[in-house]
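No value in this document is a laboratory result; all are computed from the given coordinates. Keep in mind that what you see is a predicted model, and the values were worked out from it rather than measured. Positions of Cβ are backbone-derived with ideal geometry, glycine not excepted, and every protein chain shown enters the neighbour counts.
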Amino acid sequence: MTTTPEKTGTFASLDPRTGDVVATHPIHSAEDVAAAVMRAREESAWWMALSFEERAEHLLTWKGVVTRRMQQLADLMHRETGKPHGDAALEVALAIDHLHWAATHAKKHLDRRRVPSGLLMANQAASVAYRPLGVIGVIGPWNYPVFTPMGSIAYALAAGNAVVFKPSEFTPGVGEWLARTFLEAVGRPVFSVVTGLGDTGAALCRAGVDKVAFTGSTATGKRVMAACAETLTPVVIEAGGKDAVIVDHDADLDAAVEASLWGACANAGQTCAGVERVYVHELVYDQFVAQLAAAAKELRATDSADSPIGPITMPKQLEIIRSHIADALARGGRALVGGTDAVGDRFVQPTVLVDVPEDSLAVTEETFGPTVTVRKVATVEEAIELTNRSKYALGSTVFSKARGMEIAEQVRSGMTAINGVITFAAVPALPFGGVGDSGFGRIHGADGLREFTYPKAITRQRFKPALALTTFKRTAKADQQLISMMTMMHGRGTTLPKAMKPRRGER
Ligand code: NDP
């Protein structure tokens, strides 16, 4: 959306490595946001009327533009978030993959399909289709300013909705870039952007959108939900996490150390599904901790463009990270690497904490920095119990050769990676989202497409029923036949349908 006369001012996005201004952007007022939503509603009528194939063609054209200009987008992300170029390019690559999947799978998962009509309604053809809601308001965070919102934007568009996107005030340029390239590729502003601070996001919740897809902190998620409740606007909440890694005694330790370090420190730890806690079986704990500390000591966050770790994007997070480390140390924890001195003015150096009580901030709250707590456990069952104690439940990781699936099934989290880390986010067919304080609703996959739709059920009479039930002309004989039929079908109660009976060897 371009700057309008009603705009109430501008704000600057800054390079977090230097504090330099990257660009200034309009602060869109509540009136601007309402106008953007009204415009999107007009566009949604055109977009909704297209076939799945036509929408896919438009989205794939956009995908081509984004792909050809990946470097340009990665550079802008690098400047607005401070993240390394390589990380930015990887993020764009993952978003492109999701855009492709959403565009090419919407028909399969949303188009009208027949469902069994059952014996009582055997004369009916029953079918369901997933219809677009209309206009989706997407509110995104700064830490993955392309990948994260695209998990909502691409899927909402592919499902036939128009989208108005409010990017984080730290990454407005990235949001504008996405909307600009969409307009260039598609020719109509079915997807548009409004920029501003928190108030602009709040205005989007009240602007008459048909659903809000929010990604951000749990605290803001609650405010978004309260605002949406005023108009019964449904919401998806993708909030924070406190993800754990469980390392079993038979794990590939080199791989577990590598995954834990990368999961904790990549993007300077500012990853919703990043690693914040590690629980290690006592048989391999000493070796794991020694290897992790040695590897973490080698890793440095610097202002160089090719640094593996960039700055903390949001300055106020520095104090939160410092307070979590200080609390852990004050309660008897030890910093094997880093510590409170690791927190600088813009950068935080990797910090490995051990012997940290489970009720300290570094274990219970989202730190969102390159820090990790490691705890020795006597059994994997203890690790599962401690993992599941968190109020957050977004992702999780398991390293085990023999028991990976068994452990993963017992962890309370939306996603689990076995012998890898955060791999689930890169599989477009898999749903992504949390439980508890990590939120609800799903992006990605068939569930992510359906999140932006409503199911439309239709029954169509194919022939007159043998047993007329939904009529005042229903006879006593029909009532008797119904009772006999129900007794025959359901009277035995406990008989499992054949398809549900365990096969030999399954018990
Ligand atoms: P915030 O909650 O601070 O902000 C998220 C978005 O909400 C921003 O666009 C923000 O705008 C906007 N906003 C702020 N106040 C309001 C309001 N009252 N009404 C509506 N919108 C508002 O989160 P961060 O940007 O700091 O992102 C980090 C958080 O996001 C972490 O907790 C992280 O775990 C989580 N996250 C979750 C993911 C997931 O998929 N589960 C993925 C990525 C991040 P502004 O920036 O202008 O204030």
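Rounded to a whole number, what is D in µm²/s for region 433-497 from Stokes-Einstein with the Kirkwood radius over alpha-carbon pairs (20 °C, 1.002 mPa s)?
Numbers: Rh = 16.8 Å.
Roughly 128 µm²/s, to the nearest whole number.
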* To do: Please give the length that would be gained between LEU183 and GLU282 if that part of the chain were fully extended, namely 0.36 nm times their separation in residues minus their C-alpha to C-alpha distance (nm, one decimal).
  => 30.0 nm
* To do: Grab the beta carbon distance between LYS401 and LYS297, set R0 = 30 Å, and tell me the FRET efficiency rounded to 0.05.
  => 0.60
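Could you state the per residue volume, in Å³, of the convex hull enclosing the Cα atoms of region 88-146? Please report the intermediate quantities before stating the final value.
Values: hull volume 7.4 nm³, N = 59.
Given the Cα convex hull of region 88-146, per-residue volume reads 125 Å³.
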* **Restraint check, LYS107/LYS464; LYS166/LYS391; LYS63/LYS108, Cα-Cα greater than 30 Å** => LYS107/LYS464
* To do: Note the direction-averaged projected area, equal to a quarter of the hull surface, for the Cα convex hull of region 30-162, in nm².
  => 10.6 nm²
* Structure fact -> If one compares the long axis through the Cα atoms of helix 172-186 with the longest principal axis of the Cα atoms of the chain, the angle in degrees, nearest 10, works out at 40 degrees
* Structure fact -> Averaging 1/r across every pair of distinct alpha carbons in the chain and inverting yields a Kirkwood hydrodynamic radius, in angstrom, of 24.8 Å
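Give me the percent of DSSP beta bridges within the chain that run antiparallel, rounded to the nearest 5.
Values: 26 of 63 bridges.
Percent antiparallel among DSSP bridges in the chain is about 40.
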* Asked: So what is log10(I(q)/I(0)) for region 331-428 at q = 0.11, 0.14, 0.16 1/Å, when the Debye sum runs over its Cα atoms only?
  -> -0.39, -0.62, -0.80
* Shape box of region 382-421 [Cα atoms, principal axes, largest first, Å] -> 28, 20, 13
* In whole Å, what is the distance between the alpha-carbon centres of region 328-384 and region 119-157? -> 38 Å
* To do: Quick one: which residues, 5 or more positions from GLY434 or on another chain, have an amide H under 5 Å from its amide H? H modelled 1.01 Å from N in the peptide plane, none for Pro or chain starts.
  => ALA239, PHE440
* To do: As a check on your grasp of the helix formula, calculate [θ] at 222 nm for the chain: sum -39500 (n - 2.57) over DSSP H runs of n ≥ 4, divide by the residue count, round to the nearest 500.
  => -12500 deg cm²/dmol
* Could you work out the Kirkwood radius for region 351-507, taking every pair of different alpha carbons, averaging 1/r and inverting it, reported in Å? => 21.1 Å
* Asked: Rounded to the nearest 5, what % of the DSSP beta bridges within region 243-427 are antiparallel ones?
  -> 15 percent
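When the Kirkwood hydrodynamic radius is evaluated over all pairs of different C-alpha atoms of region 243-427, what value in angstrom, to one decimal, is obtained? Could the numbers behind the result be given before it?
Working: mean 1/r = 0.0624 Å⁻¹.
With all distinct Cα pairs of region 243-427 included, I get 16.0 Å.
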* Structure fact -> Placing one equal point scatterer on each C-alpha of region 194-332 and summing with Debye, one gets log10 I(q)/I(0) at q = 0.10, 0.11, 0.12 Å⁻¹ equal to -0.51, -0.60, -0.68
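Direction-averaged shadow area of the convex hull around the Cα atoms of region 115-167, nm²?
Working: hull surface 20.3 nm².
Computed as one quarter of the Cα hull surface, the answer is 5.1 nm².
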* Asked: Quick one: helix 70-81 against the long Cα principal axis of the chain, what's the angle to the nearest 10°, folded into 0 to 90?
  -> 60 degrees
* Asked: So what's the angle, to the nearest 10 degrees on a 0 to 90 scale, between helix 317-330 and the longest Cα principal axis of the chain?
  -> 70 degrees
* **Range of Cα positions in region 132-268 per principal axis (Å), largest first** => 53, 36, 28
* Structure fact -> Amide H neighbours of VAL348 at under 5 Å, excluding residues fewer than 5 places away on the same chain, with H built from the backbone geometry, are ILE312
* Structure fact -> The distance between the Cα centres of region 189-255 and region 417-475, in whole Å, is 21 Å
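Give the peptides 460-467, 236-243, 200-207 in descending order of average Cβ contacts within 10 Å, highest first. Walk me through the numbers before you get to the answer.
Details: 460-467: 10.9, 236-243: 27.1, 200-207: 23.5.
Descending mean neighbour count gives 236-243, 200-207, 460-467.
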* What is the spin-label model distance, in nm, from ASP250 to ALA290 if the labels are put 7 Å beyond Cα along the C-beta direction? -> 2.4 nm
* **P(r), alpha carbons of region 133-206 - 5 Å bins starting at zero, rounded %** => 3, 18, 29, 28, 16, 5, 0
* **Interchain or long-range residues, amide H under 5 Å from GLN124's placed H** => ARG462
